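A short write-up of the structure that comes next.
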Amino acid sequence: MGTWELGGRQITSRLITGTGGATSLDVMSKVLKSSGSQVTTVAMRRVGGYALGGGSLLDIIRAAGAEILPNTAGCHTAAEALLTARLAREALETDWVKLEVVADDITLLPDPVELLDTARKLVADGFTVLPYTNDDPVLALHLERAGCAAVMPLGAPIGSGLGIRNPHNIAMICEQASVPVILDAGIGTASDAALAMELGCDGVLVASAITRAADPEAMATAMRLGVEAGRAAREAGRIERRWHAAIPSSPVAGRITP
Amino acid sequence: MMNVTINGEPREVPAGTTVEQLVRQVTSQDKGIAAALNGEVLPHRAWSTHALADRDQVEVVTAVQGG
């Protein structure tokens, strides 16, 4: 399967998981194991009042051998995201951050202006910045030039399960990027994850589609296989699309004529 | 006495109260937490020596499920 580099680390799994949505820490533990994920996200929130957080969540992630990737979910401005990222670095002793700066709480779409501004500031502050971004090839390039360690375009809005709404844009982002591209948000099922890899993504981030599935542990396995299949197909080189059956797969010569 | 807030909730504390003492009013968790004082991260090592001032705002956060 080979390794790839993300934020200066060599990892083998191309499926990054999110811990949001799991109904218990036991489910989360099983999901981490069956997904094979080596990187998983957490959010930062005020202590108290959150049963599924704190030390026990971190213990489960570490026991699974996964890298902790704190996010800035819920932030709408550069100031909020900067403080959240700095708190995460202090609490979790990592300079990795999944940068989320969203425009509103209905669509959760990234705010491109605040996002780019925050990315520049976090890079200058020594963070390894993995930004959740729109499926905009131009913005992806700006983020790369700002020094981000990867770009993470959405396939569709967070938690929508709508798959990849603009495959052409995702392919364009992959074509021009010289940092890893991770499809983030919108995945609904394993074929969506496979498509992301076939389009040229280096990895896929899945949260809700696993944790909110009827059987999260089984879906984690399906996503792992989907990512592996998509990656393998990308490397194998698919056939060209044709309008008609231009080349029969069986020989033309030697056919019988009754 | 001084009026401060921790995680958005007002508290009345004696003069000389440290950040560490205020944080311990809301959590016993030791690892995986961080605090901000008036919008800036205050490193863990400074909590026990940093005395609060009137109207200080403290946020204490930890990792929760998300993303």
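We did not get these values from a lab; they are worked out from the coordinates using the rules stated. What you see is a predicted model; the values in this text were computed from it and never measured. Glycine gets a Cβ as well: all are built from the backbone with ideal geometry, and neighbour counts include every protein chain shown.
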If you rank A:I61, A:I11 by fewest surrounding Cβ atoms within 10 Å, what's the result? A:I11, A:I61
For the stretch A:9-236, what's the relative contact order in percent, using C-alpha pairs closer than 8 Å and at least 6 residues apart? 19 percent
So how far, in whole Å, is the C-alpha centre of the stretch A:148-206 from the one of the stretch B:20-59? 39 Å
How about the stretch A:52-147: which GluC sites (Glu not before Pro) there are in a DSSP loop, with at most 16 other Cβ atoms within 10 Å of their Cβ? A:E93
Considering only DSSP states other than H, G, I, E and B, which GluC sites (Glu not before Pro) in the stretch A:154-258 qualify as loop sites with at most 13 other Cβ atoms within 10 Å? A:E240
Note down, for the stretch A:180-258, the three equivalent ellipsoid semi-axes (square root of 5 times each alpha carbon gyration tensor eigenvalue), biggest first, whole angstrom. 36, 15, 10
Isotropically averaged projected area of chain A, using the convex hull of Cα atoms (one quarter of hull area), nm²: 16.9 nm²
Antiparallel content of DSSP bridges confined to chain B, in %, to 5: 90 percent
Out of all DSSP beta bridges in the stretch A:1-160, what portion is antiparallel? Express it as a percent rounded to 5. 25 percent
State, as an integer percentage, the relative contact order of the stretch B:2-62 based on alpha-carbon contacts under 8 Å between residues 6 or more apart. 49 percent
So for A:R14, A:R231, A:R86, fewest C-beta neighbours within 10 Å to most, what's the order? A:R86, A:R231, A:R14
Based on DSSP H runs of at least 4 residues, each adding -39500 (n - 2.57), what is the mean residue ellipticity at 222 nm of chain A after dividing by all its residues, to the nearest 500 deg cm²/dmol? -12000 deg cm²/dmol
